[in-house]
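The values are calculated or read from the model by the stated rules, or taken from the named source; none is laboratory data. These figures come from a predicted structure and were not determined experimentally. Reconstructed Cβ throughout: ideal geometry from the backbone, glycine too, with neighbour counts over all protein chains shown.
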Amino acid sequence: MQNETDKGLTAKSLHSDPLSWVEKYADYLYGFAMSRLRDEDVAKDLVQDTFLAGLQRLDRFEENSEEKTWLTAILKNKITDFYRKRSAINLKVINAEDEQQDFFDAESGHWTEKHYPTAFGLEADNPLMMKELGSILNECLAKLPGLWFSVFSMKHMDDLASELICTELKLTAANFWVIMHRTKLNLRACLQKNWN
């Protein structure tokens, strides 16, 4: 006679087949992880950890979502944990306002002439040009320090609220805004240098 836990696990197993997860979802999850981590070994490890965690939590899978969505949510948590551990390394932060003095006029708040952004000359209806810009942007993102990339991707790729990012990565609001500021300046400089 089965106990209630075994019955629940058996019922779940009829709808969810962990043996097929690697075949069905490994490539997708790996791509998802690589777009946020930029490190093949870490991405592979976190995908494996995701499968293991999914297997351990199979009895909690309520099938309110697709398996792929559920596994992706687990992977997102694994990525957040990874960045949280990396950000625990002491982050030296300087006053963002002091750093901005060179870039912005103190009275008007506008860009100084030296740092004024140049026009990219984009044609939004030109798919080849947009693809080339996307490629250059990816190269620029790859050059960012890991913590900067994680903050930027969580904010602009995952659309997470700033407060949630600060909580997840254990950053102060000041740290967050300094990182965002530096990241944007870095990306702008990189794009202007590499976009002809």
statement: Flagged pairs (Cβ under 7 angstrom, 6 or more apart or on separate chains; first in the stretch 49-78, free of Cβ contacts under 8 Å to residues at least 60 places away in the same chain; second assigned to a loop (DSSP other than H, G, I, E, B) and not basic (Lys, Arg)) are Leu58/Ser16; Phe61/Ser16; Glu67/Ser16; Trp70/Phe61
query: In this structure, is Ala53 surrounded by 14 or more Cβ atoms within 10 Å (Cβ to Cβ), at pLDDT 80 or above, out of contact with any Ser or Thr (no Cβ under 9 Å at 6 or more places or on another chain) and small (Gly, Ala, Ser)?
result: yes
- prompt: Given the residues Asp59, Asp45, Asp41, Asp81, which is the only one that is under 15 Å from the mean Cα position of the chain (by Cα), in a helix (DSSP H, G or I) and of a type in the set (Asp, Glu)?
  reply: Asp81
Qualifying residue in the stretch 174-193 (condition: in a loop (DSSP other than H, G, I, E, B) and without any contact (Cβ under 8 Å) to a residue 40 or more places away in the chain): no
